[in-house]
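This report concerns only the one structure given below.
The values are calculated or read from the model by the stated rules, or taken from the named source; none is laboratory data. Keep in mind the model is a prediction, meaning the values are calculated, not measured. Note that we place each Cβ from the backbone using ideal geometry, even for glycine, and neighbour counts take in every protein chain shown.
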Amino acid sequence: MNTPTRQTPPVSPYRPPKPKNNSGSRSALWALLGVAMGFLLPVIACGGLMLVAATSAAIAGGGSGAAAAPPKEPIPQHVRGPITGPAVAIIDINGPIVEGSTSPWETSSVAAADDIIAMIRAAKHDDSIKAVVLEVNSPGGGIVPSDRIYQALQDMDKPIVVLMRDLAASGGYYISMAGDYIYANPYTLTGSIGVISEFPNASGLMDKLGIQMTIIKSGEAKDFGSPYREMTPEEKAYWQHVINQAYDNFVKIVAQGRHLPEDEVRKLADGRVYTGLDALDLGLVDALGYEDDAIAKAADLGDIRDVPRVVRYTPPMTPLEALLGSASQALGLHLNLPTLSWNQALAPTLEYRWIP
């Protein structure tokens with residue numbers, strides 16, 4: 001019996017491609033993941049620290065529902081001079097004057113009234129502090145916080161020497177009136193004695209966009225200052241009356257602080273700023289000088305015979321706020337929370353503020 005011969009199948013010329021080498025792609029992927037983790041790990045670590053701090057605060061509060069936060073006390077930082085002994089305290093008024101206190105997330109300088117008043121009171125009750133140097137670098141700001149700071153300084157029973165930096169205008173000049181002696185740099189911009197209030201008017205834009213607002217109100221003046229319509233002549237006259245009241249108070253404060261007749265102050269109080277040179281000629285400041293001059297004058301007024309210890313007060317901050325602030329700076333997070341809520345920002349306000 002013949003056994004059939006097995007036929008060998010023809011060999012196809014096609015060869016499947018070899019698997020590609022993905023080592024380069026994997027390397028790039030791992031590098032990308034490494035970079036991502038490099039960014040994420042500090043964030044995760046920061047979040048963990050915040051969680052631990054918040055939990056610790058809650059535990060310290062005894063689980064009573066509200067954490068017992070430690071009191072916020074300003075801390076004097078030693079600047080120079082002897083370690084102990086009678087001291088001159090430096091308090092900064094730096095930035096626009098606003099109500100409340102600064103946030104740990106704040107990245108711009110503001111002069112928050114609550115923080116500044118806390119520093120003033122701390123210096124007042126520290127027996128080693130014999131005099132205060134108030135360093136002012138501010139365009140002014142709200143009338144109420146400016147007046148609160150001024151009143152706190154008036155309550156100070158120790159000599160106050162004001163040192164004006166780049167700018168001590170409007171509210172910055174107002175609070176300076178509590179000083180017993182005022183220095184300015186020759187080119188400080190100061191003065192701007194006056195009051196300003198701004199009302200936005202978007203009625204023209206709304207007309208172009210075809211937007212109409214329906215206002216239902218209980219009284220004729222209930223929508224006074226509304227951005228949706230033009231202010232009436234009667235409303236302008238009324239608000240001018242309000243402005244004049246605040247202006248008269250400003251003039252009175254300057255007249256008292258500088259020992260000048262009110263009529264003479266009114267001639268200077270048209271809102272303009274003056275250089276330190278002109279302010280000296282006009283009697284708005286006492287002398288031209290620098291920080292060393294202000295410290296020496298404060299030591300003399302405070303009856304410090306030897307070299308004074310110099311300390312600088314910093315705004316009060318809780319440990320949690322310090323942690324949050326340090327973490328935000330380390331991570332480069334510029335989370336500048338607004339000082340005013342949206343409705344406060346749009347609402348009419350009275351301000352001792354210079355607008356260049």
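Which residues, taken from region 185-196, are assigned to a loop (DSSP other than H, G, I, E, B) and either modelled with pLDDT under 90 or buried (at least 18 other Cβ atoms within 10 Å of the Cβ) (or both)? Can you show your working first?
From region 185-196, those assigned to a loop (DSSP other than H, G, I, E, B) are 185-188, 192-195; that's our starting set.
Those that are assigned to a loop (DSSP other than H, G, I, E, B) and either modelled with pLDDT under 90 or buried (at least 18 other Cβ atoms within 10 Å of the Cβ) (or both): 185, 188, 192, 193, 194, 195.
Return yes or no: is residue 234 over 26 Å from the mean Cα position of the chain (by Cα), more than 28 Å from residue 292 (Cα to Cα) and in a loop (DSSP other than H, G, I, E, B)? Before you say what the answer is, go through the steps one by one.
Working: over 26 Å from the mean Cα position of the chain (by Cα): yes; more than 28 Å from residue 292 (Cα to Cα): yes; in a loop (DSSP other than H, G, I, E, B): no.
No, not satisfied.
Scan region 203-223 and give yes if some residue there is farther than 30 Å from residue 82 by Cα, touching a residue at least 24 places away in the same chain (Cβ under 8 Å) and hydrophobic (A, V, I, L, M, F, W, C), otherwise no. Working first, answer last.
Let us first name the residues in region 203-223 that are farther than 30 Å from residue 82 by Cα, namely 203-223.
Subset that is touching a residue at least 24 places away in the same chain (Cβ under 8 Å): 203.
From what is left, the residues that are hydrophobic (A, V, I, L, M, F, W, C) are none.
Among the residues of region 203-223, not one is farther than 30 Å from residue 82 by Cα, touching a residue at least 24 places away in the same chain (Cβ under 8 Å) and hydrophobic (A, V, I, L, M, F, W, C), which makes the answer no.
Just one of (1) assigned to a loop (DSSP other than H, G, I, E, B); (2) over 30 Å from the mean Cα position of the chain (by Cα); (3) at pLDDT 90 or above trips up residue 270, so point out which.
(2)
Please note which helices (runs of 4 or more DSSP H) are completely contained in region 276-336 and include at least 1 residues that are modelled with pLDDT of 95 or more and surrounded by 18 or more Cβ atoms within 10 Å (Cβ to Cβ).
On the way: elements: 276-282, 291-301, 319-330.
It comes to 276-282, 291-301.
Taking the conditions exactly as written (at pLDDT 95 or above, assigned to a helix (DSSP H, G or I) and in contact with a helix residue (DSSP H, G or I) (Cβ under 6 Å, 6 or more places away or on another chain)), does residue 117 satisfy them or not?
On the way: at pLDDT 95 or above: yes; assigned to a helix (DSSP H, G or I): yes; in contact with a helix residue (DSSP H, G or I) (Cβ under 6 Å, 6 or more places away or on another chain): yes.
Answer is yes for this residue.
Among (1) under 16 Å from residue 249 (Cα atoms); (2) modelled with pLDDT of 95 or more; (3) not charged (D, E, K, R), there is one condition residue 142 misses while meeting the rest; what is its number?
Of (1) under 16 Å from residue 249 (Cα atoms); (2) modelled with pLDDT of 95 or more; (3) not charged (D, E, K, R), only one is false for residue 142: (2).
Taking the condition in contact (Cβ under 8 Å) with a residue 40 or more places away in the chain, in contact with a helix residue (DSSP H, G or I) (Cβ under 8 Å, 6 or more places away or on another chain) and crowded, with 24+ Cβ neighbours inside 10 Å, does residue 98 pass? Give the steps one after another, and end with the answer.
On the way: in contact (Cβ under 8 Å) with a residue 40 or more places away in the chain: yes; in contact with a helix residue (DSSP H, G or I) (Cβ under 8 Å, 6 or more places away or on another chain): yes; crowded, with 24+ Cβ neighbours inside 10 Å: no.
Spelling it out, it is not the case that residue 98 is in contact (Cβ under 8 Å) with a residue 40 or more places away in the chain, in contact with a helix residue (DSSP H, G or I) (Cβ under 8 Å, 6 or more places away or on another chain) and crowded, with 24+ Cβ neighbours inside 10 Å.
Return the residues of region 140-158 that are closer than 11 Å to residue 120 by Cα and touching a Phe, Trp or Tyr at 6+ places or on another chain (Cβ under 8 Å); say none if nothing qualifies.
Within region 140-158, just 150 meets the criteria.
Being surrounded by 15 or more Cβ atoms within 10 Å (Cβ to Cβ) and part of a loop (DSSP other than H, G, I, E, B) is the filter here; which residues of region 247-267 pass it?
Result: 260, single match.
Applying the selection to region 161-176, what residues are surrounded by fewer than 24 Cβ atoms within 10 Å (Cβ to Cβ), of a type outside the set (Asp, Glu) and touching a Leu at 6+ places or on another chain (Cβ under 9 Å)? Can you show your working first?
Here is the first cut: in region 161-176, the residues surrounded by fewer than 24 Cβ atoms within 10 Å (Cβ to Cβ) are 165-167.
In the following step, the residues that additionally are of a type outside the set (Asp, Glu) were identified as 165, 167.
Result: 167, single match.
Looking only at region 203-259, how many residues end up being among the polar types (S, T, N, Q) and in contact with an Asp or Glu (Cβ under 9 Å, 6 or more places away or on another chain)?
Start the filter on region 203-259 by keeping residues that are among the polar types (S, T, N, Q), which leaves 203, 212, 214, 218, 226, 232, 240, 244-245, 249, 256.
Now restrict to residues that are in contact with an Asp or Glu (Cβ under 9 Å, 6 or more places away or on another chain): 203, 249.
The qualifying residues number 2.
Out of all the residues in region 211-231, which are modelled with pLDDT under 90, small (Gly, Ala, Ser) and over 33 Å from the mean Cα position of the chain (by Cα)?
Correct list: 219, 221.
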